[in-house]
Amino acid sequence: MALNLRQKQTECITRMLNLNQPVNAGATANEEVYKILIYDRFCQDILSPLIHVKDLRKHGVTLYFLIDKDRKPVHDVPAVYFVQPTHLNVQRIVADASKSLYDSFHLNFSSSIPRPLLEDLASGTINSDSIERISKVHDQYLEFVTLEDNLFSLAYKNCYLQLNDPSAGDKEIEEIIEKIVSGLFCVLATLAVVPIIRCPRGGPAEMVASLLDQRLRDHLLAKNNLFSEAGNFTSSFQRPILCLFDRNFELSVAIQHDFRYRPLVHDVLGLRLNRLSVQGEKGGMKSFELDRSDPFWVANWSLEFPEVALEIEAQLNKYKKDVEEVNKRTGGNSGAEFDGTDLVGNTKHLMNAVNSLPELTERKQVIDKHTNIATALLGEIKERSLDSYAKKENDMMVRGVIDRSELIGALKGKGTKVDKLRFAIMYLISTESLPQSEVEMIETALRESEVDTTAFQYVKKIKSLNVSLASANSASRSNIVDWAEKLYGQSISAVTAGVKNLLSSDHQLALSRTVEALMEGKPNPEIDSYIIFDPRAPKSSSGMSSSHLKGPFKEAIVFMIGGGNYVEYGSLQELANRQQPVKHVIYGTTEILTGGQFIEQLALLGQKMGLGTSVATPAH
């Protein structure tokens, strides 16, 4: 069976709500036992895309609260806590237990609780004479947010900024890597798989791969480990491959404008945790949910925006036709809205009409929702010329060149300051060698539009570093590398590989192309240097090229360190569905970022390196 992360995580949460007892056949917790759910902000984000408020009642949850809110005692009811293992949360639990807020406490930590915190919990509850109220303590290994069947995020903010911070020391970098590995371990434990790990040499990807390999090895030594059940039945060739990459591998995808429905909704309307808000017709804000329960979203998220608009119109016409058909059969007024009031005629037609009413109403709600979203998008597209930015950037990436007048026209034309900055950086990335005069011309155009050029300067610095690295002879090259590593606080090799990938003439994203090659497992110069880790193999043989480690693989987990996006996710899903037979790819990242959010991190890095010119932005 294909790996389904959403389903697995939902099952774990349902079991947790059932006080960690096996769940009944209907996949719901025992609703006879009323309980209270207490969570922190992070775990609220984990629950939000998976379980709706209306579903909580099915699982016997009658009340739910944030842990940091003041709460009144509720007697004779068990409380299910779902929180991160932090010092603050443990203190709060001890305080709740000492006040006897609830009858019994079922504690569930989102990842493994460290020993010192467990001791704090024990001593705190013993001292307040409330230890008998603590029924159970569970490590749930659920510290990640699953947005779709094949999409997850560690919700780790500003990871790219922290990893590339020139002032970050070894200790800070190690802590970041440790946090990423902990999140990935939770994902693998939830899926109950031990993958073959592949990554490029150098940079954060190798650091994460190496530590994750060690963590899995240490865990597999335990007799009763999280993977023992799966290990007995899974033979080596059925194991998935875990491909790790660093954001510098393909910088452009994090910055570019995209004109497909899902990336557009995320980038322009701020889709977060599968929800977004848009301006309603009467001025108020309307909130919508976009997930797999919405058939229109599932069917059309990969289409370009104009095709989506046509599809909405086609669905609306089909709906009107179906309403007319029902009205005709039941003798109602043709063309009227179908509301079920004007129904006469024979019983059979009446019954059919009544039966079709819920389905028609639901269809109308979906059409109205996407009409609202498309209207909001269209307003932004016209105001900011987003279609023009997307087309020009796409042409630049494919051809590696753009007419100078077009470039300056875009920088002086419509669009927000961030749109112009993104476009300028895309030009910088996609053009192999830029004369200094042209760079200055772009910077002048940006300043005329009062755009802060710090992020542009930062990318320019990375690019010049790559050029000097490529052209330097071996003696001076080592000096540049030393300087670069001091500057970036990490190996520069990942960054140098990144620019090469950006210049590929193939329209397919470099990430998808590389993942395809890693899954095929055939000799390929692009991936021959990639490191292999097999946590199940003896330590001495790890990294050796044993044949089963090279594939082919039916399933892959692709993880992007430093921020991912819906463009990459869509590209990988297209890759998986294009294969014969269809393969399965899960995409994960430290955080899902819009182009604007990523630009903010680049600008902060530029500031830390003393680059750029800060233009005073007017206070809003």
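Here the peptides 519-526, 367-374, 220-227, 281-288 are ranked by packing, the mean other Cβ count within 10 Å, and the order with the highest first is 367-374, 519-526, 220-227, 281-288. Using Cβ point charges alone (K and R +1, D and E -1), the dipole size of the stretch 61-216 about the Cα centre works out to roughly 160 debye. If the chain linking Q579 and K608 were pulled fully straight, counting 0.36 nm for each residue of separation and taking away their Cα-Cα distance, it would gain 6.0 nm. For the stretch 93-207, the solvent-accessible area of protein heavy atoms averages 37 Å² per residue (probe radius 1.4 Å; ligands and nucleic acids excluded). Counting 0.36 nm for each residue step from K286 to E174 and taking away their Cα separation leaves a gain of 36.0 nm.
Packing-based ranking of 106-112, 239-245 yields 239-245, 106-112, ordered from highest to lowest mean Cβ neighbour count within 10 Å. Peptides 213-219, 358-364 ranked from most to least packed give 213-219, 358-364, packing being the mean of other C-beta atoms within 10 angstrom over each peptide's residues.
Here the spin labels are modelled as points 7 Å beyond Cα on the Cα-Cβ line, and at N372 and Q44 they lie 2.2 nm apart.
Structure note, pairs K8/K583; K539/K583; K8/K320; K223/K522; K69/K608: Cα-Cα distances above 28 angstrom occur for K539/K583; K8/K320; K223/K522; K69/K608.
The values are calculated or read from the model by the stated rules, or taken from the named source; none is laboratory data. Not measured: the values here are computed from a predicted model. With ideal geometry, Cβ positions are generated from the backbone for all residues, glycine too; neighbour counts draw on all protein chains shown. The protein model used for the area step is the full one, side chains on, heavy atoms only, and it has no ligands, DNA or RNA in it. Shrake-Rupley method; radii C 1.70, N 1.55, O 1.52, S 1.80 Å.
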